[in-house]
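Comments concern the structure below.
The values are calculated or read from the model by the stated rules, or taken from the named source; none is laboratory data. Computed from a prediction, not measured in an experiment: that's the story for all the values here. Cβ coordinates were reconstructed from backbone atoms using ideal geometry, including for glycine residues, and neighbour counts include every protein chain displayed.
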Amino acid sequence: MTTDFPRLTTIFDRTDDPDRIRAEIRDFLDQAPKPPGLRDYGPTPTANDVEPGRAWHRHLAENGLTCLHWPKEYGGADASVVGQAIFAEEAARAGVPRQLGITAIDLVGPVLLAFGTPEQKEAHLESIRTGDHIWCQLFSEPGAGSDLAGIRTTVEQRDDGRWVVSGQKVWSSAAASADYGILLARTGPDKHKGLSAFIVPMNADGVTVRPLVQLDGESKFNEVFLDDVVLDAHAIIGEPGQGWAVAMVTLGRERLTLGSQAVSMFRLHEKLVETATARGSMDPVLARSLTTLWARLWLLRYTWQRAIESGDLTSPTFSVLKLMTSEAERDLGDLATDVLGTDACIDPAEDPLVHAMLVGRAQTILGGTSEIQRNILGERVLGLPKEPR
Ligand SMILES: Cc1cc2nc3c(=O)[nH]c(=O)nc-3n(C[C@H](O)[C@H](O)[C@H](O)COP(=O)(O)OP(=O)(O)OC[C@H]3O[C@@H](n4cnc5c(N)ncnc54)[C@H](O)[C@@H]3O)c2cc1C
C-alpha cells in the first residue's frame, strides 16, 4: 500500500517528549479550519453529522492525524498509547471529534490488520483511513448482548463457496450511514468455536436497516435485518471459527477508547458548576455532590494515565477504567437534574446539560455493562468463585 506521510505523523515518534506532542497537536487543532456544522458528536455521527464529520476527518487524514495506532505502512502513525491518548484528550478539549466514527478505525482496522487477507487490507484500509467509508458493528442481537456468544444469526456456505446470512442485529450504531458492516455470526453449533466474522456490504440485497430513536431524540442506533444476504466467498475475516477471537480484538479496543472521555467530563463538570452558580441552585448538598464527583474525575484521570503508561492493553486495569468512567459519566449527567430542577424536562436539543443527562444512561451499557465488568473483575482479577451458570 502506498501512502504519503503527511507532516504531523512523525510527532508521535517523540515518545520521550509528550509535552511537545501535546503542544503541537493543540496548536494544530486550534488553527485547523472547522467545517460548518461540525460539533463534538461523540463516537458515532448522526446522519446530519456525516458531511461535516467527513470533511473534518479528511483534513485530519491529510495531516496524518487519523489511524494513529495503525502501522505506518498503512498510513498510521505507530503512535504509543500515550500519544493516542494525548490526541483524544486534545480533540475533546478543542470540542471536535477525533475521527469520523469509532467503528472503522478503532475496531475494524485492528481486526483487518490482525486477521485480514492482503486483498481485504488493500480493499478497505485506505478508504477507512481517509473517511470515505463508514463501518458499523453487527454484533448484538435482541437475545444476545452481554452473552455475545449466544448470537443466533446464521451463515451457511453454498456449493459455489459463497455465504448466505440470515438473522437480526440490534443497537447497530451508524448502520444507517454505513457502507460496510463487520458481522459476527454462527457457522457452527459450538458456542464460541462456532462463530465467524464477515464483511457485509450494507447495500447488499436482503439488508434492511431501521433507525431507532434514542432518549435524547437523536438516531444513532439501528435494527438491521439480514434476509438471505449472499456474501462473496472472500467475505470471511480469518478462518471459519475465528469469530470469537475477532470479537475480542474489537471489545478490547472499545474499552481503551473510553478512557479518553475524562477531558469532556471535566468540561461538563465546569458547566454544571457555572449553571448552578448562575441559577442560585448551589446549596450545600449540591456542592458536596459536585465536589465528590470532581474527586472521582481526578481519580479516574490518574488511573487512566497509569494504565496507558503501562502500555499493556490487556491489563485488567482497563476493566476498572471502563467501570469508573461509565459510572462517573452517568452520575455526572444525573446531577443535571439537581442543577436544573424541573427545567431538566426540556428538549435536550435546547440544553447540553439535559442532553448529557440522557446520554449518560447509555454509558453503563455500551461496550459491556457495569454488571459484566464487575463479573470480570471479580472472577479474573480477584479470583472470586465464578457466577452460577
Ligand atoms: C450507546 C450504545 C452503542 C452501542 N453500539 C453497538 C454497536 O454498534 N454494535 C453492537 O453490536 N452493539 C452495540 N451496542 C449494544 C451493547 O453492546 C449491548 O447493549 C450490551 O452488550 C448489553 O447487552 P444487552 O443490551 O442485550 O443487555 P443484556 O445483556 O440483556 O443485559 C440486561 C441487563 O442484565 C444484566 N446482566 C446480563 N448478564 C448478566 C450477568 N451474567 N451477570 C449480571 N448481570 C447481567 C446486564 O448488566 C443488564 O443490566 C451499543 C449499546 C449502547 C448503549
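Out of the residues in segment 50-75 meeting the condition of being without any contact (Cβ under 8 Å) to a residue 24 or more places away in the chain and touching a Leu at 6+ places or on another chain (Cβ under 8 Å), tell me which one is farthest from the ligand (Cβ to nearest atom). Ranking the qualifying residues of segment 50-75, first place goes to 55.
Okay, residues lined up against (1) surrounded by fewer than 18 Cβ atoms within 10 Å (Cβ to Cβ); (2) under 15 Å from residue 267 (Cα atoms); (3) basic (Lys, Arg); (4) assigned by TED's automatic domain parsing to the domain that holds residue 373:
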site: 321; (1), (2), (3), (4): no, no, no, yes
site: 324; (1), (2), (3), (4): no, no, no, yes
site: 329; (1), (2), (3), (4): no, yes, no, yes
site: 333; (1), (2), (3), (4): no, yes, no, yes
site: 337; (1), (2), (3), (4): yes, no, no, yes
site: 350; (1), (2), (3), (4): yes, no, no, yes
site: 355; (1), (2), (3), (4): no, yes, no, yes
site: 359; (1), (2), (3), (4): no, no, no, yes
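Within segment 157-172, at least one residue is in a strand (DSSP E or B), at pLDDT 95 or above and within 20 Å of the chain's Cα centre (by Cα). Checked against the criterion of being surrounded by fewer than 22 Cβ atoms within 10 Å (Cβ to Cβ), at positive phi and not β-branched (Val, Ile, Thr), segment 150-170 has at least one qualifying residue. Across segment 169-190, the qualifying residues are those that are more than 16 Å from residue 102 (Cβ to Cβ) and β-branched (Val, Ile, Thr), and the one among them that is farthest from the ligand (Cβ to nearest atom) is 187. Checked against (1) in the same structural domain as residue 46 (by TED's automatic domain parsing); (2) touching a helix residue (DSSP H, G or I) at 6+ places or on another chain (Cβ under 7 Å), residue 149 meets all criteria but (1).
Away from the ligand (no atom under 16 Å from the Cβ), touching a residue at least 60 places away in the same chain (Cβ under 8 Å) and assigned to a helix (DSSP H, G or I): is that true of residue 149 in this structure?
Working: away from the ligand (no atom under 16 Å from the Cβ): no; touching a residue at least 60 places away in the same chain (Cβ under 8 Å): yes; assigned to a helix (DSSP H, G or I): yes.
So residue 149 fails the test.
If you go through segment 7-28 and pick out every residue that is loosely packed, with under 15 Cβ neighbours inside 10 Å and closer than 15 Å to residue 94 by Cβ, you end up with 2.
Take segment 344-363 and flag every residue that is within 13 Å of residue 272 (Cβ to Cβ), in contact with a Lys or Arg (Cβ under 8 Å, 6 or more places away or on another chain) and without any contact (Cβ under 8 Å) to a residue 60 or more places away in the chain. The answer is 360, and nothing else. When segment 110-145 is filtered for residues that are within 15 Å of the ligand (Cβ to nearest atom) and not hydroxyl-bearing (Ser, Thr, Tyr), the ones remaining, listed by number, are 111, 134, 135, 136, 137, 138, 139, 141, 142, 143, 144, 145. For segment 316-389, the helices (runs of 4 or more DSSP H) that sit wholly inside it and include 3 or more residues that are more than 14 Å from the ligand (Cβ to nearest atom) are 317-340, 352-359. Are any residues in segment 328-347 under 19 Å from residue 287 (Cβ atoms) and either modelled with pLDDT under 90 or β-branched (Val, Ile, Thr) (or both), and if so, which ones? Result: 337, 339. Residues in segment 156-168 that are within 16 Å of the ligand (Cβ to nearest atom) and hydrophobic (A, V, I, L, M, F, W, C): 165 alone. Somewhere in segment 246-257, is a residue over 19 Å from the mean Cα position of the chain (by Cα) and not assigned by TED's automatic domain parsing to the domain that holds residue 156? Checking segment 246-257: not a single residue is over 19 Å from the mean Cα position of the chain (by Cα) and not assigned by TED's automatic domain parsing to the domain that holds residue 156.
You will find that of 35, 52, 43, the residue that is surrounded by 17 or more Cβ atoms within 10 Å (Cβ to Cβ), modelled with pLDDT of 95 or more and not β-branched (Val, Ile, Thr) is 52 and no other. Scanning segment 85-109 for residues that are within 16 Å of the ligand (Cβ to nearest atom) and not in a loop (DSSP other than H, G, I, E, B), we see that the one that is farthest from residue 246 (Cα to Cα) is 102.
Of the residues 77, 23, which single one is farther than 27 Å from residue 176 by Cα and either basic (Lys, Arg) or not in a helix (DSSP H, G or I) (or both)? Residue meeting the stated conditions: 77. The single condition from (1) without any contact (Cβ under 8 Å) to a residue 60 or more places away in the chain; (2) near the ligand (Cβ under 10 Å from one of its atoms); (3) of a type in the set (S, T, N, Q) that residue 214 fails is (1).
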